[in-house]
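Structure, as structure tokens:
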């Protein structure tokens, strides 16, 4: 089977962002003054644990950002449709889809008819079943996939317990492998492995690796149980049309990551350039830029987003030829949402940077640079930009979690991502009315809650540490507090 | 002072004109009335006749900004911009797609919106300031640390979960209040209680953290040191000195949202079935009624600009050191 890669717009931007982050990291490593705040972040156990969680999410999201179309097995190749002689399926898949299909084996590709509880063997709704004797009865039918390997549904509890134990064991195994790799990496080689292990365990390494290992253990155990149990049962149940909720949740991660990162990335260059130019040049340029951001920030955010998204849908509907597949339509809408959210949220950073530039332009080194005849653009990029980098970093990190939360709200309002896109917002939206059912369909909301809270909480805690490490003003204030109050 | 306020109002008008032009551009040039008519009437199989009829019924059949066929001043007045966009400056919003007067709807729906928004705002402010002051008093202790974690967790939970969970627990399990509905501003407290409670809960995370930072910044100032040097107790320092001075940034910071309270909350009003401006907006967005969305953008901007002007004035009222030039 051959495949052909499909590069979605958001995929391209996401991988570009990965490259940019790598370049930034490489640059930071070479400069001690840039490294200093990051070292402070690295020494914080909470930040390390959160970074581990975020890395796990990023892995899932990036695996979901490699899209391709596979060639159809049966190829009734018509010459017009496939000039290359090979026909590709219309369905665009991602690496994550393939991984899920591989890992969950029999669960993939098939689905139930409607809701089923987590780990259930029977459907959530009664159906009319015809018994062998021709008698019809209202019963809960067996699920097509969930627990289908059980001859007698009564064995369910024992089977689940065994599988959970096996899953925990598998998780432990995975953790040991990862832990060993980490030890080798931290100890720079195999030679002093026991020593490194002891140092990590007693938390005497320069960076706290113990919280990383503990977080990894939790993630590995969860993943192990999910893999072993999830290959025979619907671990988190199924949704209204019978899709596996665990799979849906994993697919939703990418949307959250795209919203959290691309929105900031889209607005960043513009906000930085506008803010610094306004503050440095003053005069009519300043007036113009201030007017633009005041105007944009005066429009109620949700309404501007709603207006722009309505216009985007009209545009997509009017130009169907530009978007051959549904995934591309959905992807364009996702990108449009990022751009619009970027437009509504750049004003805060721009105002902040303008204020900072107004202060910086009076400082001696800027005045000196000007006196030496350094050009305006060069002063801004070479002398001002490095001195506001901490503000940019803080904003980028802090905006991430806000954007993930915004996505859910916008999807509820009906101006979020395309209804066909998997996201936490669409999951919540689909489940919110089912909470009033009797008995309650709780697992959709619970899954969305768990995945979203762990992502946003990790991002928020990480952002808090980053802010503390990067903001020199706050450091000064803390020191003063300690001198004066004696309490802090 | 008067000259300053007048200048601020002038700038506000300039901002309004900008917003007006942006919305006009978004709603009429990015997509022409033809596109919108086609979407409204449903898909590709719409005849040209149906489109022009739809446009004529709503007055969208005129040129955008310049009518070459008309005479004299009508070259500019008989255009979509003049009739649909510029008219909003005199509160002429026209009719919604179901034929109702938008301005009338806005006036009648503002009351229910305020019935939710004002209690949420006042109670939320009180709770958050008290909590923040408590944290500033116990700064650096275990109580402060665990509360900070609690606040970050509160910040990380989506408002949607608070609303859905609150309705589930208070209305479905405990049956204390109705799930949703509205019954007058003063009679229907049972309907108002839950949205207000949840609204306050959702605001705790970010607001308390912000206020705590403000108060702690205040604690580090020189006058606090002087007060301590005089031998005042920590409680007196906190409540008499830090609270009073810390209130300046807190209050001037919230003035800007007071006029915007009229707009109501999209989420709360639609989840709790409050017939306010928030649910009006969300219904308009979902039924793609562009007339209402444009009007709400305009009203929202007017209120926000008003909030900015009030903020500037409140600076001078609260803090005598600030002189407006």
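The values are calculated or read from the model by the stated rules, or taken from the named source; none is laboratory data. These numbers come from a predicted model, not from an experiment. All Cβ positions, even for glycine, are placed from backbone atoms using ideal geometry, and neighbour counts span all protein chains on display.
Before moving on, here are some points about what is shown:
- Pairs are defined by a Cβ separation below 6 Å, a sequence spacing of at least 6 or placement on different chains, a first member in the stretch A:52-72 that is free of Cβ contacts under 8 Å to residues at least 24 places away in the same chain, and a second member that is surrounded by fewer than 18 Cβ atoms within 10 Å (Cβ to Cβ); the pairs so defined are A:72/A:87; A:72/A:89.
- Residue that is modelled with the highest pLDDT, among those in the stretch B:50-59 that are more than 14 Å from every other protein chain (Cβ to nearest Cβ) and in contact with a helix residue (DSSP H, G or I) (Cβ under 7 Å, 6 or more places away or on another chain): B:50
- A residue that is farther than 29 Å from residue A:405 by Cα, in a loop (DSSP other than H, G, I, E, B) and within 12 Å of chain A (Cβ to nearest Cβ) occurs somewhere in the stretch B:219-230.
- Residue in the stretch B:200-213 that is nearest to residue B:126 (Cα to Cα), counting only those that are under 18 Å from the mean Cα position of the chain (by Cα) and crowded, with 23+ Cβ neighbours inside 10 Å: B:207
- So residue B:34, is it within 14 Å of chain A (Cβ to nearest Cβ), touching a helix residue (DSSP H, G or I) at 6+ places or on another chain (Cβ under 8 Å), surrounded by fewer than 19 Cβ atoms within 10 Å (Cβ to Cβ) and without any contact (Cβ under 8 Å) to a residue 60 or more places away in the chain: yes
- The stretch A:417-430, subset part of a loop (DSSP other than H, G, I, E, B) and under 16 Å from the mean Cα position of the chain (by Cα), residue nearest to the other protein chains (Cβ to nearest Cβ): A:423
- Annotation note: of B:203, B:180, the sole residue that is touching a helix residue (DSSP H, G or I) at 6+ places or on another chain (Cβ under 6 Å) and closer than 21 Å to residue B:135 by Cα is B:203.
- Selection count, the stretch B:253-311, where residues are over 27 Å from residue B:28 (Cβ atoms), within 11 Å of chain A (Cβ to nearest Cβ) and assigned to a helix (DSSP H, G or I): 5
- One residue alone among B:27, B:76 is away from every other protein chain (no Cβ under 14 Å), outside any loop (DSSP other than H, G, I, E, B) and either surrounded by 13 or more Cβ atoms within 10 Å (Cβ to Cβ) or in contact with a helix residue (DSSP H, G or I) (Cβ under 7 Å, 6 or more places away or on another chain) (or both), and that residue is B:76.
- Any hit, the stretch B:38-49, residues being more than 30 Å from residue B:320 (Cα to Cα), touching a residue at least 60 places away in the same chain (Cβ under 8 Å) and either within 11 Å of chain A (Cβ to nearest Cβ) or in contact with a helix residue (DSSP H, G or I) (Cβ under 6 Å, 6 or more places away or on another chain) (or both): yes
- Residues satisfying the stated conditions in the stretch B:255-264, i.e. at pLDDT 85 or above and under 8 Å from residue B:311 (Cα atoms): B:255
- Scanning the stretch A:294-317 for residues that are out of contact with any helix residue (DSSP H, G or I) (no Cβ under 6 Å at 6 or more places or on another chain) and more than 7 Å from chain B (Cβ to nearest Cβ) gives A:309, A:313.
- Residue match in the stretch A:449-466 (condition: surrounded by 15 or more Cβ atoms within 10 Å (Cβ to Cβ), at the interface with another protein chain (Cβ under 7 Å from one of its Cβ atoms), part of a helix (DSSP H, G or I) and modelled with pLDDT under 75): no
- Failed item in (1) modelled with pLDDT of 80 or more; (2) in contact with a helix residue (DSSP H, G or I) (Cβ under 7 Å, 6 or more places away or on another chain), with residue A:98 passing the rest: (2)
- Residue list for the stretch B:119-149, filter: touching a helix residue (DSSP H, G or I) at 6+ places or on another chain (Cβ under 7 Å) and free of Cβ contacts under 8 Å to residues at least 60 places away in the same chain: B:138, B:144, B:147
- Within the stretch A:357-413, the set of residues being crowded, with 18+ Cβ neighbours inside 10 Å and in a loop (DSSP other than H, G, I, E, B) comprises A:361 only.
- Test set (1) within 14 Å of chain A (Cβ to nearest Cβ); (2) without any contact (Cβ under 8 Å) to a residue 24 or more places away in the chain; (3) surrounded by fewer than 17 Cβ atoms within 10 Å (Cβ to Cβ) - residue B:168 fails condition number: (3)
- The listed residue being touching a residue at least 12 places away in the same chain (Cβ under 8 Å), over 30 Å from residue A:9 (Cβ atoms) and not in a loop (DSSP other than H, G, I, E, B), out of A:222, A:165, A:176: A:222
- Residues that are facing another protein chain (nearest Cβ under 10 Å) and either modelled with pLDDT of 95 or more or outside any helix (DSSP H, G or I) (or both) within the stretch B:127-154 comprise B:138, B:139, B:140, B:141, listed in sequence order.
- Test: residue in the stretch A:237-250 that is closer than 26 Å to residue B:267 by Cα, touching a residue at least 12 places away in the same chain (Cβ under 8 Å) and not in a helix (DSSP H, G or I): yes
- Total residues in the stretch A:318-329, condition touching a helix residue (DSSP H, G or I) at 6+ places or on another chain (Cβ under 7 Å) and either in contact (Cβ under 8 Å) with a residue 12 or more places away in the chain or at the interface with chain B (Cβ under 10 Å from one of its Cβ atoms) (or both): 2
- Residues in the stretch B:1-19 that are more than 11 Å from every other protein chain (Cβ to nearest Cβ) and either assigned to a helix (DSSP H, G or I) or surrounded by 13 or more Cβ atoms within 10 Å (Cβ to Cβ) (or both): B:2, B:3, B:4, B:5, B:6, B:7, B:8, B:9, B:10, B:13.
- Meets criteria (under 30 Å from residue A:331 (Cβ atoms) and modelled with pLDDT of 75 or more) for residue A:87: no
- Set side by side, the residues A:125, A:157 differ, and just one is at pLDDT 80 or above and farther than 30 Å from residue A:205 by Cβ, which is A:157.
- Residue satisfying condition, being within 14 Å of chain B (Cβ to nearest Cβ) and over 28 Å from the mean Cα position of the chain (by Cα), within set A:280, A:291: A:291
- Test: residue B:301 is crowded, with 18+ Cβ neighbours inside 10 Å and in contact (Cβ under 8 Å) with a residue 24 or more places away in the chain: yes
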